Structures are given as C-alpha cells and as structure tokens.
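Written below as structure tokens is the structure these notes are about.
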Amino acid sequence: MQGNQQQQAYDRGITIFSPDGRLYQVEYAREAVKRGSASVGVRTEEGVVLAADRQARSPLIERDSIEKTHKIDDHIAIASAGHVADARKLIDFARRRSQVNRLRYDEPMGVESLTKAITDTIQEFTQTGGARPFGVALIVGGMEDGEPRLFETDPSGTPYEWSALAVGGGREEIQEYFEDNYEDGMTLEQGVGLALEGLAEPNDDGLDPDGVDLQTVDEEGVLGVSQDVIEEHLEERDLLGGDDE
C-alpha cells in the first residue's frame, strides 16, 4: 500500500523524479501525442513537405476549422499532433518569436534557432510547479540559408533533426515506411508523394483529400497545396479513400 502511495506521489509531481529517473507527467504528455491524428514531415533537396491527417469527430464539423499545419513565417511552417490548444499556444509563440527576430535583426529567424526557442519554452513546463507539460509534438520545417531543415519537438523539450518523420497516432508504422522508402536527393514532388504514402500507411481505407492538410516550404516560401492537387496525388498512387458513408 505504501509503495502505491509513493508511486502516486511521483505520478502527480511534475518536478519530482521517480527513483528510476522518470518524469511521469512527461511520459503522459507523450501518450497524449500518440492519441492525436498523425502528422508527417519529409525533407527533400528542394524543400520540406508537411502533411497531416485532419480527422473529424463528426461529419458536421467543417474540415477547414481543423488546423494541423501552420505558416509561421515566409520560410517556416509547423505541423502538430496532440492537444490542439497546446499546439495553438506554441504556434502563437513561434510566430511572435519569428517576427521579433525580423524586427530586431532585420533578417529571418533560422529554423534551428526557432525550434530551440520553442523547446526551451516546452522544457520550462517540465520543471515548473503548478504547471504541466505541453501535450503536443511539433514538426518544424523550413529553409535556412538555402538549405531545407526539418525538426521535431518532444514534450520533454528536446529537439531532433530528421530527414523524414511522423508524430501522433500510427507513428511506428509510418516511420517504418519512411525508413524503407526515403531516398536522398528526392524532388519536392517526390517528397509530397512519400508524405502522402506514409500518412496512408496506417489507414487501410486510404485517404480522403478533404481530410489531408498539406504544405510545402521551398525557396519561394510556404505554399498550401489545394485539395484538387492532393486528390490527384492520391489517385495517382492508388491511395484515394471512399466516403465514410
């Protein structure tokens, strides 16, 4: 009984390490990310592709109101998985930080610098009493000095750089698909195809174009891909799903 009480104490205390060195609240935040619909990122020679599954709880929900990818600046976009409200808070922080950098230094903020600024904020919530970790993971993609960069933020506040990655539900299956099919030197269009194929990997019924949020970032900036173009890509790769009805 005493052991269970001690376990619950470590469980509730965000600032307390368990005897085996774990922060349970951070692990719970990672589980919250897994419960969210998937988002993926692919880095190519020409730029970065961000794609997300916009699952709707009801057919009455307007799909456009489900925001999974976000333009941060002319050269950076972010995709999220996990608690939407937590993501929105970090997205607002990233936009403000990026604009402050432009105003202060008259130059765009680096993708890596912005990612680390975001993870610094996330990490503060793993050591602050009366707070909780952010239950969201972000994929930060953009161009930095002409080079595409792709990063992941973890609820612990740790940044990782990737060539291709997935966050959210079905991550293991999608990541395995990327590991088997990712190639260096891909074009941006090939990256779009790989992102959609990875996103469809856990979905046996294929993907609904209206349920996919897709953005690309290259030298020309951040570009949202229309549903018609997404449908063409899905049809070309035999990934087009039927209606839920």
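The values are calculated or read from the model by the stated rules, or taken from the named source; none is laboratory data. Quick caveat, the model's predicted, so the values are computed rather than measured. Note that each Cβ is placed from the backbone with ideal geometry, even for glycine, and that neighbours are counted across all protein chains shown. Note: areas computed on protein heavy atoms with side chains; ligands, DNA, RNA excluded. Shrake-Rupley method; radii C 1.70, N 1.55, O 1.52, S 1.80 Å.
Among the strands (runs of 3 or more DSSP E) contained in the range 111-213, which hold 2 or more residues that are among the β-branched types (Val, Ile, Thr)?
136-144
Being open to solvent by 20 Å² or more (accessible area, probe 1.4 Å) and either touching a residue at least 40 places away in the same chain (Cβ under 8 Å) or charged (D, E, K, R) (or both) is the filter here, so list the residues in the range 101-112 that pass it.
Passing the criteria: Arg102, Arg104, Asp106, Glu107, Glu112.
Among the residues of the range 74-94, how many are at negative phi and crowded, with 17+ Cβ neighbours inside 10 Å?
So the answer is 13.
Search the range 37-50 for residues that are of a type in the set (Val, Ile, Thr) and pair each with any residue that is open to solvent by less than 10 Å² (accessible area, probe 1.4 Å) and assigned to a loop (DSSP other than H, G, I, E, B) when their beta-carbon atoms are under 9 Å apart and the residues are at least 6 apart or on different chains.
Here the result reads Val40/Gly168, each pair linking the range 37-50 to a residue that is open to solvent by less than 10 Å² (accessible area, probe 1.4 Å) and assigned to a loop (DSSP other than H, G, I, E, B).
Would you pick out the residues in the range 203-215 that are under 17 Å from the mean Cα position of the chain (by Cα) and either open to solvent by less than 10 Å² (accessible area, probe 1.4 Å) or over 16 Å from Ile139 (Cβ atoms) (or both)?
Across the range 203-215, the qualifying residues are Gly211, Val212, Leu214.
Of the residues in the range 113-124, how many are of a type outside the set (S, T, N, Q) and open to solvent by less than 60 Å² (accessible area, probe 1.4 Å)?
4
All but one of (1) crowded, with 23+ Cβ neighbours inside 10 Å; (2) closer than 25 Å to Thr15 by Cα; (3) among the hydrophobic types (A, V, I, L, M, F, W, C) hold for Ile139, so report the exception by its number.
Among (1) crowded, with 23+ Cβ neighbours inside 10 Å; (2) closer than 25 Å to Thr15 by Cα; (3) among the hydrophobic types (A, V, I, L, M, F, W, C), the lone unmet condition for Ile139 is (2).
Taking the range 159-181, which residues are among the aromatic types (Phe, Trp, Tyr) and surrounded by 20 or more Cβ atoms within 10 Å (Cβ to Cβ)?
Of everything in the range 159-181, those that are among the aromatic types (Phe, Trp, Tyr) and surrounded by 20 or more Cβ atoms within 10 Å (Cβ to Cβ) turn out to be Tyr177, Phe178.
Can you tell me which residues in the range 44-59 are in a loop (DSSP other than H, G, I, E, B), closer than 25 Å to Met186 by Cβ and of a type outside the set (Asp, Glu)?
Scanning the range 44-59 gives Thr44, Arg54.
Does any residue of the range 189-196 turn out to be open to solvent by 50 Å² or more (accessible area, probe 1.4 Å), closer than 15 Å to Ala52 by Cα and touching a residue at least 12 places away in the same chain (Cβ under 8 Å)?
Looking through the range 189-196, none of the residues is open to solvent by 50 Å² or more (accessible area, probe 1.4 Å), closer than 15 Å to Ala52 by Cα and touching a residue at least 12 places away in the same chain (Cβ under 8 Å).
Quick one: in the range 142-158, of everything that is under 12 Å from the mean Cα position of the chain (by Cα) and under 20 Å from Glu197 (Cβ atoms), which residue is surrounded by the fewest Cβ atoms within 10 Å (Cβ to Cβ)?
That would be Glu152.
Can you tell me which condition Ser98 does not meet? The list is (1) among the polar types (S, T, N, Q); (2) touching a Ser or Thr at 6+ places or on another chain (Cβ under 9 Å); (3) outside any loop (DSSP other than H, G, I, E, B), and all the others hold.
(2)
Among the residues of the range 73-88, write down those that are among the acidic types (Asp, Glu) and either farther than 22 Å from Gly221 by Cβ or touching a Phe, Trp or Tyr at 6+ places or on another chain (Cβ under 6 Å) (or both).
Selection gives Asp86 alone.
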